[in-house]
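**Q** Have a look at this one before I ask anything.
The values are calculated or read from the model by the stated rules, or taken from the named source; none is laboratory data. What you see is a predicted model; the values in this text were computed from it and never measured. As a convention, Cβ positions derive from the backbone with ideal geometry for all residues, glycine included, and neighbour counts pool all protein chains shown.
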Amino acid sequence: MLIAQLTDLHVRPHGVLANRVVDTNAMLERALKHVAALDPVPDAVIMSGDLTDMGLAEEYAILADLIRRHLKMPAYLIPGNHDRRETMRQGLSGLRGIADDPNFIQYTVDDFPLRLVMLDSVVPGAGHGELCAARLSFLERALAAAPKKPTVVVLHHPPITCGIAMMDEINLHTADAFAAVIAKHPQVERVLCGHHHRPIVARFAGTLVQVAPSVAHQVTLDLKPDAEGSLIMEPPAYLLHRWTPENGLVSHQAYVGTYPGPYPFT
Ligand SMILES: [Fe+2]
């Protein structure tokens, strides 16, 4: 099966740029068209948070309309720190899983050979993420329910330190408790995140953490400990995860845009 992972869309009201410079709505539409034109077409799309920039009802309405117009396959979404649970629930109520949990936006998807556990790591009003006792218990129960089925766990905040100071301050602050649950469940093929607006991979709790780049702006790659943090218009991209029983989970990075070629090898 094929899953496209898009993240950090940061949708804004019509005519408003994110951070005064990024036309995130146009960039999302280009990414959705890119995914829809893939051959073979993905079986599912996941969006790993920061769906909108401010959590406004108008932003979710624009996102819902873009998904409806461009995606024929199911879309599975979780919130990021820029989202607001209540407006997200209202604006995206037609999407699978959004209303499953009364307190959080988290759920499991069992329809495919690869199981999805979609987790809510949001702390309202804060940039960083946490998994409280209730969410850790949901994760434990979800993983214990299907110990033999290959699974990916999706949450917005990466549970790792990556060396970009601004992002490390607002990563998943309860990473140890999260790791303790993940380490008990070897069927977890990957932990998939967003938030950092860069492609990053790291070993974690016996599996891999993979952070997807944004379909909009990226975070500048600056590993100086005192770096201030900024955004940069590097090429927008998303991840294409290919699952087969023979080869497991293999992930490609797909760039949105048009580039010279393809040319035949001579
Ligand atoms: Fe973001």
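**Q** Would you mind stating whether residue 45 is part of a strand (DSSP E or B) and either β-branched (Val, Ile, Thr) or at negative phi (or both)?
**A** Working: part of a strand (DSSP E or B): yes; either β-branched (Val, Ile, Thr) or at negative phi (or both): yes.
Here the answer is yes, as residue 45 does meet what is asked.
**Q** Mind checking which residues of segment 222-250 are of a type in the set (Val, Ile, Thr) and either surrounded by 11 or more Cβ atoms within 10 Å (Cβ to Cβ) or farther than 14 Å from residue 114 by Cβ (or both)? First the steps, then the outcome.
**A** Filtering segment 222-250 down to residues of a type in the set (Val, Ile, Thr) leaves 232, 244, 250.
Hits for segment 222-250 are 232, 244.
**Q** Further question: Does any residue of segment 17-25 turn out to be away from the ligand (no atom under 16 Å from the Cβ), closer than 19 Å to residue 214 by Cβ, in a loop (DSSP other than H, G, I, E, B) and touching a residue at least 60 places away in the same chain (Cβ under 8 Å)?
**A** No: zero hits.
**Q** Right, another one. Would you check which residues across segment 199-214 are β-branched (Val, Ile, Thr), more than 13 Å from the ligand (Cβ to nearest atom) and touching a residue at least 12 places away in the same chain (Cβ under 8 Å) and list them? It would help to see each step written out before you state the result.
**A** Step one: of segment 199-214, the residues β-branched (Val, Ile, Thr) are 200-201, 207, 209, 211.
Among the residues that remain, those that are also more than 13 Å from the ligand (Cβ to nearest atom) are: 200-201, 207, 209.
Once the filter is applied, which keeps residues that are β-branched (Val, Ile, Thr), more than 13 Å from the ligand (Cβ to nearest atom) and touching a residue at least 12 places away in the same chain (Cβ under 8 Å), segment 199-214 yields 200, 207, 209.
**Q** Could you give me the residue pairs with C-beta distances under 9 Å whose first residue belongs to segment 165-185 and is under 17 Å from residue 203 (Cβ atoms), whose second residue is outside any helix (DSSP H, G or I) and of a type in the set (Asp, Glu) wherever it lies, and which are 6+ apart or on separate chains?
**A** 172/130
**Q** Tell me yes or no: at least one residue of segment 51-68 is away from the ligand (no atom under 16 Å from the Cβ) and touching an Asp or Glu at 6+ places or on another chain (Cβ under 7 Å).
**A** yes
**Q** Sticking with this one: So, in segment 94-148, of the ones that are part of a loop (DSSP other than H, G, I, E, B) and among the polar types (S, T, N, Q), which residue ends up surrounded by the fewest Cβ atoms within 10 Å (Cβ to Cβ)? Show your work before the answer.
**A** So in segment 94-148, the residues part of a loop (DSSP other than H, G, I, E, B) come out as 94-106, 110-114, 119-121, 123-128, 130-132, 145-148.
Remaining after also requiring among the polar types (S, T, N, Q): 103, 106, 121.
Numbers: 103: 11, 106: 25, 121: 31.
Across segment 94-148, the extreme among qualifying residues is 103.
Every residue, every condition in (1) surrounded by fewer than 22 Cβ atoms within 10 Å (Cβ to Cβ); (2) out of contact with any Pro (no Cβ under 9 Å at 6 or more places or on another chain); (3) aliphatic (A, V, I, L, M), yes or no:
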| residue | (1), (2), (3) |
| --- | --- |
| 1 | yes, no, yes |
| 11 | no, yes, yes |
| 15 | yes, yes, no |
| 19 | yes, yes, no |
| 29 | yes, yes, no |
| 39 | yes, yes, no |
| 44 | yes, no, yes |
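**Q** Inside segment 74-93, can you point out the residues that are under 24 Å from residue 211 (Cβ atoms) and either assigned to a loop (DSSP other than H, G, I, E, B) or away from the ligand (no atom under 16 Å from the Cβ) (or both)?
**A** Going through segment 74-93, the residues under 24 Å from residue 211 (Cβ atoms) turn out to be 74-85, 88, 92.
Once the filter is applied, which keeps residues that are under 24 Å from residue 211 (Cβ atoms) and either assigned to a loop (DSSP other than H, G, I, E, B) or away from the ligand (no atom under 16 Å from the Cβ) (or both), segment 74-93 yields 74, 75, 76, 79, 80, 81, 82, 83, 84, 85, 92.
**Q** Continuing with this model, one more query. Among the polar types (S, T, N, Q), surrounded by 19 or more Cβ atoms within 10 Å (Cβ to Cβ) and under 21 Å from residue 154 (Cα atoms), is that true of residue 52? Step through it out loud before you land on a result.
**A** Working: among the polar types (S, T, N, Q): yes; surrounded by 19 or more Cβ atoms within 10 Å (Cβ to Cβ): yes; under 21 Å from residue 154 (Cα atoms): yes.
Judged against the criteria, residue 52 is a match.
**Q** Related question: Which residues, counting only those in segment 183-198, are more than 14 Å from the ligand (Cβ to nearest atom) and either among the aromatic types (Phe, Trp, Tyr) or outside any strand (DSSP E or B) (or both)? If you could, list the steps in order and put the result at the bottom.
**A** As a first pass, look at segment 183-198 and keep what is more than 14 Å from the ligand (Cβ to nearest atom): 183-192.
Correct list: 183, 184, 185, 186, 187.
**Q** Scan segment 30-50 and report the pairs whose first residue is more than 17 Å from residue 242 (Cβ to Cβ) and whose second residue is among the acidic types (Asp, Glu), with Cβ atoms within less than 6 Å and a gap of 6+ or a chain change.
**A** Here the result reads 50/8, each pair linking segment 30-50 to a residue that is among the acidic types (Asp, Glu).
**Q** With respect to residue 219, is the statement that it is crowded, with 20+ Cβ neighbours inside 10 Å, within 14 Å of the chain's Cα centre (by Cα) and either under 29 Å from residue 257 (Cβ atoms) or not hydroxyl-bearing (Ser, Thr, Tyr) (or both) true?
**A** Numbers: crowded, with 20+ Cβ neighbours inside 10 Å: yes; within 14 Å of the chain's Cα centre (by Cα): no; either under 29 Å from residue 257 (Cβ atoms) or not hydroxyl-bearing (Ser, Thr, Tyr) (or both): yes.
Considered against the rule, which asks whether it is crowded, with 20+ Cβ neighbours inside 10 Å, within 14 Å of the chain's Cα centre (by Cα) and either under 29 Å from residue 257 (Cβ atoms) or not hydroxyl-bearing (Ser, Thr, Tyr) (or both), residue 219 comes out as no.
**Q** Within segment 28-37, does at least one residue satisfy the condition of being within 16 Å of the ligand (Cβ to nearest atom), outside any strand (DSSP E or B) and either among the hydroxyl-bearing types (Ser, Thr, Tyr) or at pLDDT 95 or above (or both)? Let's see the steps before the verdict.
**A** Taking segment 28-37 and keeping what is within 16 Å of the ligand (Cβ to nearest atom), we get 28, 31.
When the remaining residues are screened for being outside any strand (DSSP E or B), the result is 28, 31.
With the extra rule that they be either among the hydroxyl-bearing types (Ser, Thr, Tyr) or at pLDDT 95 or above (or both), the set shrinks to 28, 31.
Yes, there is a match, as at least one residue in segment 28-37 is within 16 Å of the ligand (Cβ to nearest atom), outside any strand (DSSP E or B) and either among the hydroxyl-bearing types (Ser, Thr, Tyr) or at pLDDT 95 or above (or both).
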